[in-house]
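Only one structure is covered here, and it is reproduced in the block below.
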Amino acid sequence: MPMISHPGWGLLLGKRGPGAGWSMWLSSLAFVVGTMVGVDVRALRWESMFAALLSFRDEYGHADIPRSFCTGAGASLGAWVHRQRSLAASGRLPTDRRERLEAVGMRWSLTERTTGVAAFAAFQDTEGHGLVPHAFTTADGFPLGTWVQSRRRQWANDPVDTVRLWPELVDLGFVWQVRNRDAAWDAGIAALTQYGRDHGELSVPHWFTTADGLQLGRWVDSRRVEYRAGVLPTARVEQLERLGMVWRLRLLADDPARRRREDVYFTQMLCRVQAWSTEHAGQVPAARIVDSDGIAIGRWLLRQRRLHRQRRLASDRLAQLDAWNSAWSSLRGEHI
């Protein structure tokens with residue numbers, strides 16, 4: 001008896017390993033049987049992905065799937081959803097399919113997602129950190145503080161799936177869990193008080209970090225942002241003013257003393273990056289990496305990449321980074 005041969009049998013048999021999902025094996029079976037009996041395989045695949053979308057919606061309560069999302073069985077559900085949006089935008093998505101997708105909560109434009117990620121990246125780039133104040137709103141009216149808190153609540157409910165759903169924020173080094181805010185405030189006040197004793201004034205440079213790793217310069221800058229936005233509580237404003245807080249700095253961008261301090265800080269951070277890289281077989285630290293002292297060297301390096309892309313990185317600093325690793329500027333925070 002002759003053997004029946006079909007190009008899909010290898011695909012079908014290859015899905016039967018212990019790591020393969022049952023739904024994916026059934027999809028392969030549908031493909032093989034469908035092509036043998038003349039069934040529209042593309043229709044079968046659409047129905048299979050639509051079923052996966054329903055499962056996602058039932059589990060997460062929405063259908064806003066990131067493009068990179070894959071199901072546990074390995075199906076590229078995010079890419080499929082993106083394709084449906086593209087077809088709808090070009091008028092090529094059949095009406096019945098569009099109606100079925102809308103019925104399960106499909107949104108044809110995800111402007112809030114992209115706006116939120118872009119606004120967070122801009123805030124982090126400007127302020128040097130991602131601890132957005134609760135009431136913070138961007139210049140164009142986007143409620144970034146509320147949006148960030150929603151992401152953290154989502155993470156608190158399900159950390160694993162939230163990280164899978166927000167790869168863009170992971171790449172930016174998003175801080176999912178913020179330590180006790182009162183404790184953080186007290187630590188900042190204590191460090192600022194000590195800085196005033198040591199230096200006789202409170203004009204803390206942006207780059208300044210205390211001996212125990214507190215990024216005091218960034219902490220002070222964040223308080224200024226909150227003060228200008230009118231969201232810093234009165235009691236805390238008064239507490240800072242009693243210490244002698246300077247709310248507005250009038251330093252010129254090319255101030256020599258400031259430039260020297262920034263050069264020292266750049267050299268210190270580059271040395272930390274080089275030391276970490278040497279300890280890790282030449283890898284480049286990802287955006288979320290901190291060194292053995294708890295210093296966020298990954299975020300610092302990510303900021304240098306952004307400055308380089310914006311043509312704002314000084315030529316001497318670019319030369320130092322290139323001398324360390326010629327591929328540093330082409331990476332996006334991942335290891336090599």
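The values are calculated or read from the model by the stated rules, or taken from the named source; none is laboratory data. This one's a predicted model, so the numbers in the text were calculated from it and none came from an experiment. We place every Cβ from the backbone using ideal geometry, glycine too, and count neighbours over all the protein chains shown. When the accessible area is computed, the model is the full protein with side chains, heavy atoms only, and any ligands, DNA or RNA have been set aside. Shrake-Rupley method; radii C 1.70, N 1.55, O 1.52, S 1.80 Å.
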- What is the residue count in segment 198-231 for residues that are farther than 21 Å from GLN268 by Cα, open to solvent by less than 80 Å² (accessible area, probe 1.4 Å) and at pLDDT 80 or above? 4
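Rundown of residues vs (1) open to solvent by less than 30 Å² (accessible area, probe 1.4 Å); (2) in a helix (DSSP H, G or I), yes/no style:
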| residue | (1), (2) |
| --- | --- |
| ALA75 | yes, no |
| GLN84 | yes, yes |
| ARG97 | no, yes |
| GLU102 | no, yes |
| ARG107 | no, no |
| GLU112 | no, yes |
| PRO133 | yes, no |
| TRP147 | yes, yes |
- Query: Going by the conditions given, is ALA139 outside any loop (DSSP other than H, G, I, E, B) and out of contact with any helix residue (DSSP H, G or I) (no Cβ under 8 Å at 6 or more places or on another chain)?
  - Reply: no
- Count - residues of segment 256-292 that are open to solvent by 20 Å² or more (accessible area, probe 1.4 Å), in contact (Cβ under 8 Å) with a residue 40 or more places away in the chain and touching a Ser or Thr at 6+ places or on another chain (Cβ under 9 Å): 2
- Item | Subset of segment 43-62 that is of a type in the set (Phe, Trp, Tyr) and within 26 Å of the chain's Cα centre (by Cα) - its residue that is modelled with the highest pLDDT | PHE56
- Query: Counting just the residues of segment 86-95 that are open to solvent by 30 Å² or more (accessible area, probe 1.4 Å) and at pLDDT 85 or above, which one comes out nearest to the chain's Cα centre (by Cα)?
  - Reply: ARG92
- Candidate set: segment 149-169, residues that are within 15 Å of the chain's Cα centre (by Cα) and of a type in the set (A, V, I, L, M, F, W, C); chosen: the one surrounded by the most Cβ atoms within 10 Å (Cβ to Cβ): LEU165
- When segment 114-157 is checked residue by residue, the ones that are among the charged types (D, E, K, R), at pLDDT 80 or above and closer than 22 Å to ARG299 by Cα are ASP125, ARG151, ARG152
- Query: Can you tell me which residue in segment 170-187 is most open to solvent (accessible area, probe 1.4 Å), limited to those that are in a helix (DSSP H, G or I) and not acidic (Asp, Glu)?
  - Reply: ARG181
- Return a yes/no flag: does segment 96-107 have any residue that is within 22 Å of ASP171 (Cβ to Cβ) and modelled with pLDDT of 80 or more. no
- Candidates SER68, SER55 - the one that is within 15 Å of ASP161 (Cα to Cα), open to solvent by 50 Å² or more (accessible area, probe 1.4 Å), in a helix (DSSP H, G or I) and polar (S, T, N, Q): SER55
- Before we move on, is THR138 among the polar types (S, T, N, Q), without any contact (Cβ under 8 Å) to a residue 40 or more places away in the chain and open to solvent by 80 Å² or more (accessible area, probe 1.4 Å)? no
- Message: If the requirement is being open to solvent by 30 Å² or more (accessible area, probe 1.4 Å) and modelled with pLDDT of 85 or more, which of these qualifies: ARG236, ARG311, ARG250?
- Response: ARG236
